[in-house]
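Just so you know, all these numbers are worked out from the coordinates, no wet-lab data involved. Bear in mind the structure is a predicted one, so any value in this text is a computation, not a measurement. Glycine gets a Cβ as well: all are built from the backbone with ideal geometry, and neighbour counts include every protein chain shown.
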Amino acid sequence: MTAGNVLPSGVARSFHLAASELGMCSAAWLFIETLGRHGGQAAVAALNAQLGDTYPVLGQVTDMALDGRAFEPPDPTPLLDVLGDATTVLVVGLEARWLDVLVPRLRPRRVVLLAEGLPQTDWQRVGANLGDAVELAELGSFQRHAGARSALLTFVYGVTAHRVHVVPSWLRVMGADTSTQFRTIVGWDVLREPMDRYPRFLADSSPEDFMAVV
């Protein structure tokens with residue numbers, strides 16, 4: 001970085017790779033913290049201007065950072081209350097920072113991550129980063145993890161009365177029979193505010209698809 005408002009070359013490619021293996025929101029906070037340490041708010045503003053519309057989750061999070069809000073480690077307690085005594089939790093979508101605080105609290109329950117997302121995602125590397133506490137499942141076999149004590153969890157990106165934004169793979173999992181196969185279906189809101197930008201890379205779902213959104 002040669003000046004406070006100039007980003008390193010290749011930042012877009014680097015962000016896309018990070019998002020594919022950490023999740024959009026997790027990667028956004030990582031880039032904000034890293035660029036902020038080296039270039040301050042000017043670097044965060046430059047990141048917002050250059051990539052905020054292309055990657056709307058990044059744009060939303062940089063808006064938060066420029067508004068003076070820092071990353072707050074997520075509290076999984078409300079989610080754990082909803083999950084109750086479910087013995088298997090199938091996760092659709094990837095947000096490493098949220099999984100990092102959730103997975104230890106779920107032990108010794110089974111945590112299964114659906115290996116479906118951006119084409120660039122190296123799921124073996126994702127699985128290695130998450131460790132032995134998380135299993136990987138293919139889209140074609142996810143129903144093997146359903147049952148009377150199984151929960152289905154996805155990350156959501158902003159909630160309104162009529163819609164939530166989800167990763168596209170959620171629409172391939174959620175169907176008319178899904179609610180009969182899993183005891184609990186829950187969304188975990190990683191933004192904590194409605195999405196203001198066009199939700200590129202995301203899909204729309206209904207809050208009614210979920211038993212709870214926390």
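When only C-alpha pairs under 8 Å and at least 6 residues apart count, what is the relative contact order of region 11-66, in percent?
So the answer I get is 31 percent.
So if R0 is 30 Å, what FRET efficiency would Arg13 and Arg192 give, r being the distance between their Cβ atoms, rounded to the nearest 0.05?
Between Arg13 and Arg192 the formula returns 0.55.
Counting other beta carbons within 10 Å of each residue's own, what order do Phe71, Phe210 fall into, fewest first?
Going from sparsest to densest Cβ surroundings: Phe71, Phe210.
Expressed in nm to one decimal, what extension gain is obtained for the pair Met211 and Thr180 from 0.36 nm per residue of sequence separation less their Cα-Cα distance?
10.0 nm
Could you tell me what percent of the DSSP beta bridges with both partners in the chain are antiparallel, to the nearest 5?
Rounded to the nearest five, the antiparallel share is 20 percent.
Please list, short to long, the whole-number percent of alpha-carbon pairs of region 106-178 in consecutive 10 angstrom bins beginning at zero.
The calculated distribution, bin by bin, is 15, 47, 33, 5.
What is the spin-label model distance, in nm, from Arg172 to Gln124 if the labels are put 7 Å beyond Cα along the C-beta direction?
2.0 nm
If the chain between Ala49 and Thr77 were fully stretched, how many nm would it gain, using 0.36 nm times the residue separation less the Cα-Cα distance?
6.6 nm
For Met195, what residues show an amide H to amide H distance below 5 Å, using hydrogens built from the backbone and excluding near sequence neighbours?
Under 5 Å from the amide H of Met195 lie the amide H atoms of Val159, each far enough along the sequence or on another chain.
Obtain the nm distance between the two label points defined at Asp132 and Asp85 by a simple spin-label model: each point lies 7 Å from its Cα along the Cα-to-C-beta direction.
2.8 nm
Suppose every Lys and Arg Cβ carries +1 and every Asp and Glu Cβ carries -1, with no other charges. What dipole size does the chain come out with about its Cα centre, to the nearest 20 debye?
300 debye
Counting Lys and Arg as +1 and Asp and Glu as -1, what is the net charge of the other residues whose Cβ lies under 13 Å from the Cβ of Arg163?
Its environment carries a net charge of -4.
Counting alpha carbon pairs within less than 8 Å and at least 6 residues apart, what relative contact order, in whole percent, applies to the chain?
Averaging sequence separation for qualifying contacts and normalising by length gives 20 percent for the chain.
Which value in Å does the Kirkwood hydrodynamic radius of the chain take, with 1/r averaged over all unlike C-alpha pairs and then inverted?
17.7 Å
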